[in-house]
1. Regarding Ala199, is this residue part of a helix (DSSP H, G or I) and either within 16 Å of the ligand (Cβ to nearest atom) or crowded, with 23+ Cβ neighbours inside 10 Å (or both)?
2. Out of segment 202-214, which residues are within 16 Å of the ligand (Cβ to nearest atom) and among the β-branched types (Val, Ile, Thr)?
3. Just to be sure, is Val41 part of a loop (DSSP other than H, G, I, E, B) and at pLDDT 95 or above?
4. Evaluate segment 121-132: report whether one residue or more is away from the ligand (no atom under 16 Å from the Cβ), assigned to a helix (DSSP H, G or I), in contact with a helix residue (DSSP H, G or I) (Cβ under 7 Å, 6 or more places away or on another chain) and of a type in the set (Lys, Arg).
5. Any idea how many residues of segment 376-393 are outside any helix (DSSP H, G or I) and either within 16 Å of Leu54 (Cα to Cα) or away from the ligand (no atom under 16 Å from the Cβ) (or both)?
6. Of the residues Tyr235, Tyr217, Tyr228, which single one is closer than 17 Å to Gln154 by Cα, within 16 Å of the ligand (Cβ to nearest atom), of a type outside the set (Asp, Glu) and outside any helix (DSSP H, G or I)?
7. If you scan segment 242-270, which residues turn out to be surrounded by 24 or more Cβ atoms within 10 Å (Cβ to Cβ) and over 19 Å from Gln201 (Cβ atoms)?
8. Glu27: closer than 27 Å to Ser338 by Cβ, crowded, with 21+ Cβ neighbours inside 10 Å and touching a residue at least 12 places away in the same chain (Cβ under 8 Å), yes or no?
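The values are calculated or read from the model by the stated rules, or taken from the named source; none is laboratory data. Computed from a predicted model, the values in this text were never measured in an experiment. With ideal geometry, Cβ positions are generated from the backbone for all residues, glycine too; neighbour counts draw on all protein chains shown.
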Amino acid sequence: MKTIKEGIKQDKFKVKTHVDKNWLDIEIQFVLKKIDENLEVFKEKVPPAASKDLMYIPEGNTDWTASFWIGMLYLAYEYTGEEKYLDVIKVQLESFKNRLKENIQLETHDIGFLYSLSCVAGYEVLGDETAKETAIKAADKLITRYHKEAKILQAWGDLSDPEQRGRMIIDCNMNLPLLYFASKETGDRKYYDIAVNHAEQAAKYIVREDSSTYHTYYMDTETGKPLYGKTAQGYTDQSCWARGQAWGVYGFVLSYVHTGDRKFLDISERLAHYFLNRLPEEDDICYWDLDFTEGNEERDSSAAAIIACGLLELSKHLPVSNEYRELYENAAIKMIKSLAENYTTKNVHSNGILLHAVYSKPGDNGVDECCIWGDYYYFEALIRTVMSWKMYW
Ligand code: GLY
């Protein structure tokens, strides 16, 4: 199915955004200070998915979000070279190796998020061989969720659960890099083939004709036939959940990076245009669902941080003749600036970093709170602007 590539409505994204290195360094120092304040509390424990009254209450390594903290520690270590981050990384890394060994709450496609940011990064940044082995074993676990006929990885729950069987979700594109990594390191194509098949099915069925996305989509696992789209965290089944669209922009460009297939780059662009055309005029930070472009609904700062990273990655891979290449970079910088100016915890009592994220509005969970992935992607976006950084994805 060919999807629409909208033109970009907002002229301001066409204007080159000044990148002030001093300002970025100050912002990074703020993030580092927040991380430093948390080092002791989150040595063995991790921050939960979302804060309560802007405070992260420490918990064990059991949720899908447990790796965003160690991801931030790697970024801090790479930026500063300081041992204090390494000390906590080592404790956290052991916990991820143990989680896989003990099979603790891993009936989820988010094994990708969990093991890219913990063990792939552990191998890439520290050269830790057992982290590499663990990442490959995690990939082995992830591919047990693959439905051969439907050619998709099931997102949630037990494979026989009738509620969840054959359900894929847009977020999963961010879990595929673990499979690309496993193929690269083992020389076994099976992980790569599954990742590509899934990305292609997502492109075909999750992406709508207008380049918006369903949050989730059901496939018939016996016949492989597409069934229907349904939201989980969006406003309605037909609306476009902002964070899902952001996962799509970043996730599809990652499939391009690992496969070289330009179709994925093109889809990432189309999704980005849809997203950029639905931002509130005043500060470019999306509402939690892109059906809302004004009014009193909550924003989702975490979606803005994710798409900023996606746009920066996207612009890196486009030829100079691409008319939007610089625009993507401008839009990303504008959003990072907007987040820095009005969406951080600088003047608020909180152990989080980014205010005004929404985990799940329909679930009334983490609404207008800090979300740990928002903090992570905000930091990743900042790091991307100041150093040449090799992705953990
Ligand atoms: N991947 C789950 C979420 O974005 O809430």
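1. Values: part of a helix (DSSP H, G or I): yes; either within 16 Å of the ligand (Cβ to nearest atom) or crowded, with 23+ Cβ neighbours inside 10 Å (or both): yes.
Yes: the conditions hold for Ala199.
2. Of all residues in segment 202-214, those within 16 Å of the ligand (Cβ to nearest atom) come to 202, 206, 213-214.
If the condition is that a residue be within 16 Å of the ligand (Cβ to nearest atom) and among the β-branched types (Val, Ile, Thr), then Ile206, Thr213 are the ones that fit.
3. Working: part of a loop (DSSP other than H, G, I, E, B): yes; at pLDDT 95 or above: yes.
Criteria met by Val41.
4. yes
5. Filtering segment 376-393 down to residues outside any helix (DSSP H, G or I) leaves 387-393.
Imposing the further condition that a residue be either within 16 Å of Leu54 (Cα to Cα) or away from the ligand (no atom under 16 Å from the Cβ) (or both) reduces the set to 387-392.
Number of matching residues: 6.
6. Details: Tyr235 fails: closer than 17 Å to Gln154 by Cα; Tyr228 fails: within 16 Å of the ligand (Cβ to nearest atom).
On inspection, the qualifying residue turns out to be Tyr217.
7. Scanning segment 242-270 gives Ala242, Arg243, Ala246.
8. Numbers: closer than 27 Å to Ser338 by Cβ: yes; crowded, with 21+ Cβ neighbours inside 10 Å: yes; touching a residue at least 12 places away in the same chain (Cβ under 8 Å): yes.
Yes: the conditions hold for Glu27.
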